[in-house]
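Throughout, read-outs are computed from the coordinates displayed, never taken from laboratory work. Because the structure is predicted, anything quoted here is derived from the model rather than measured. Cβ sites come from the backbone with ideal geometry, for glycine too, and all protein chains shown count toward neighbours.
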Amino acid sequence: MSTTNSIVATTSNGGTTTANNHHHQQQHQDPATYFLNLARQQSSSSSGSFASSSSSSMMMGDEDEREEEPTELNTINSSGGFLVISTDKLSVKYTNVNLHGHDVGAVQANKPAPVKRLVYYFEIYVRNSGAKGQIAIGFTNEGFKMRRQPGWETNSCGYHGDDGCLYRGQGKGESFGPTFTAKDTVGTGINYASQEIFFTKNGVLVGAIHKDIKGPLFPTVAVHSLNEEIEVNFGQKYFAFDLKEYEAQERMKQQIEIENMSLPPNVSYGLVRSYLLHYGYEETLNSFDLASQSTVPPIKVVSENGFDERDIMYALNQRRTLRQLIRNGDIDAAISKLHDWYPQIVQDERSAMCFLLHCQKFIEFVRGGALEEAVKYGRIELAKFFELPGFNDLVQDCVALLAYEQPQESSVGYLLEDSQREIVADTVNAMILSTNPNMSNFQGCLRSYLERLLRQLTVCCLERRSLNGDQGEAFHLHRVLNSSKKTKC
């Protein structure tokens, strides 16, 4: 598979970054510049753990989004005259005698529920149900009145133990689930995919409601009669409810919805075939066509659907040969072939493509342990690029390989991985495609139709998340593909 890391770098509201706009402008000057920027992204990651497929690195938003989570109860913003919070800020006891409805001992978590995930969830354990068992669990907004039960005020909801009713924004409850009392464990969570708030009792799902309350929502608990005592679990201990299984089921629902969508016959066949053609995988293409003859009738996707096979059939055999040479580390042979077949794309010895080829030649010396040859080659070829804008950082990374006894384990070890060879092979492939006088779509040089479709999928998921108030987990293509594999197993 190609390792073109065609990342969709986007802001949370769906706009592309300034840097990406600049890169986009550069791409129209020279396709190799696009791949040079991909190599630079590998450099900045400095971990060697870059995705092994172009499409697998696509995501919605930041893959490593981190949010602060609730960890304890907020002892400052609570109805302190009616309750006592333990020193670990995870237990609450009602110590007064309630005289009217406003004598509630309510307390929020110290942080709102995180939103950039599939599900947020927490639980309480009822140590003592007290005089009346008027215990509640739910979510409230930042301005909630701490002397009211969750669910009694707007922008709040709560599941109450004394009557099993659900309250959402008013003092009158609705029949919802069983009551709960001492030794029961009750939980609540937010399903951001379905936009629902759900409740559990003793590890069993009780029910769910549409999440119609706005703003950051704080996990909230309340006690309302003498000696009621609860312990809150924000994830510091195992939950009674199997949250991982619940999340797996939610993802399975999404996967089933996707698989139930009807597609025109042979669409996937055409997309896979176009991918193999684009990257010059001629042997695989021949095997694919042969295997498909008995199961899938050959098709021709017409050009008005955005597909013209002639564009990516261009120079297929030569592109295949060059890719194989580069993947085998035979850079000299690849450069020689380029001079014979496409002298126009190697005539500028300081171009981005030539730079990547020279870097790879240097890397192959290091990979083979020929360090003296690497030094000599670097002084002759890499030195030409050292002072040129846009090349400096990668030259330094290449040279840094010489400083380590075990360079593959260093911060520049990514250069020795097969993914680096693939970037160089993709660069050469794109530059050859760009010489096709009939290539009408510049993007066709950079990415296959399949990858462009996946990028569109990523953008659509980002837009959907944006319309949902940026709630829900990021889109990770790897996870979608892996879940599809598990479904078929």
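Of all aspartates and glutamates in the structure, the ones whose alpha carbon falls short of 20 Å from that of Lys253, not counting any fewer than 8 places away in one chain, are Glu196, Asp242, Glu245, Glu473. With the simple model of a label 7 Å out from the Cα in the direction of the Cβ, Gln255 to Asp330 spans 4.2 nm. Sparse packing (at most 11 other Cβ atoms within 10 Å of the Cβ) combined with a DSSP loop state is found for the following chymotrypsin sites (Phe, Trp or Tyr not before Pro) in segment 225-261: Tyr238. The trypsin sites (Lys or Arg not before Pro) of segment 338-392 that meet both conditions, a loop assignment by DSSP and at most 16 other Cβ atoms within 10 Å of the site Cβ, are Arg350.
List the lysines whose Cα lies under 28 Å from the Cα of Lys384, skipping any in the same chain that are fewer than 8 positions away. Within the straight-line cut-off, Lys384 pairs with Lys337, Lys361, Lys376. Largest first and in whole Å, the equivalent-ellipsoid semi-axes of segment 321-439 read 25, 15, 13, each the square root of five times a Cα gyration tensor eigenvalue. Summary of packing: across the peptides 321-331, 253-263, the per-residue average of other C-beta atoms within 10 Å ranks them, highest first, as 321-331, 253-263. For a Förster distance of 41 Å, can you work out the FRET efficiency between the beta-carbons of Glu174 and Arg464, rounded to the nearest 0.05? So the FRET efficiency works out to roughly 0.85. With a cut-off of 20 Å on the backbone N, the residues of segment 119-155 near the modelled label site 7 Å out from Asn77 along Cα-Cβ are 120-123, 136-155.
Sum up the charges of everything whose Cβ sits under 13 Å from the Cβ of Glu282, counting Lys and Arg as +1 and Asp and Glu as -1, but leave Glu282 out. Once all neighbours under 13 Å are counted, the net charge is +2.
May I ask for the net charge around Ala109, where only other residues with Cβ less than 10 Å from the Cβ of Ala109 are counted and Lys, Arg are +1 while Asp, Glu are -1? Charge balance near Ala109 sits at 0. Stretching the chain fully between Lys145 and Ser292 yields a gain of 46.3 nm (0.36 nm per residue, less the alpha carbon separation).
Taking 19 Å as the limit for the C-alpha separation, the pairs Lys145/Lys201; Lys89/Lys237; Lys183/Lys244; Lys93/Lys183; Lys93/Lys214 exceed it in the case of Lys145/Lys201; Lys183/Lys244; Lys93/Lys214. One decimal place: the segment Leu226-Leu402 gains 56.1 nm when fully extended, by the rule 0.36 nm per residue minus the C-alpha distance.
Multiplying the residue separation of Thr181 and Lys244 by 0.36 nm and removing their Cα-Cα distance gives an extension gain of 20.1 nm. Computed from the Cβ-Cβ distance with R0 of 56 Å, the FRET efficiency linking Gln41 to His100 stands at 0.35. Here is the list for segment 135-199: GluC sites (Glu not before Pro) lying in DSSP coil, each with at most 13 other C-beta atoms within 10 angstrom of its C-beta, are Glu142.
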